[in-house]
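Only one structure is covered here, and it is reproduced in the block below.
No lab work stands behind these numbers, since they all come straight from the coordinates. Being a predicted model, the structure only gives us computed values, none of them experimental. Here Cβ is always computed from backbone atoms with ideal geometry, including for glycine, and neighbour counts include all displayed protein chains.
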Amino acid sequence: MCLSTVYKNTLTPETVMMRNVMKIECRDGMVILTDLMERQMAVEGTLEMANLVDGVAVVKENIPA
């Protein structure tokens, strides 16, 4: 089983959005994260990078103009 830690914008400890993520969906400009306990978080943005070997992903959050 590949679980990942998802970060917002950069790979730093301060930007952890969710740990133990088992599913990442991209729909209608949203990135929906689901963790091992079936908790969900939706963020407006795009999936910037996912490295499943290292168990990390980065979501680039859209910042309103």
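Within segment 25-52, the set of residues being surrounded by 12 or more Cβ atoms within 10 Å (Cβ to Cβ) and within 17 Å of THR10 (Cα to Cα) comprises VAL31, LEU33, VAL43, GLU44, GLY45, THR46, LEU47, GLU48, ALA50.
For segment 1-24, which positions are surrounded by 12 or more Cβ atoms within 10 Å (Cβ to Cβ) and not in a strand (DSSP E or B)? Give the steps one after another, and end with the answer.
Of all residues in segment 1-24, those surrounded by 12 or more Cβ atoms within 10 Å (Cβ to Cβ) come to 3-9, 11, 15-24.
Once the filter is applied, which keeps residues that are surrounded by 12 or more Cβ atoms within 10 Å (Cβ to Cβ) and not in a strand (DSSP E or B), segment 1-24 yields LEU3, ASN9, LEU11, THR15.
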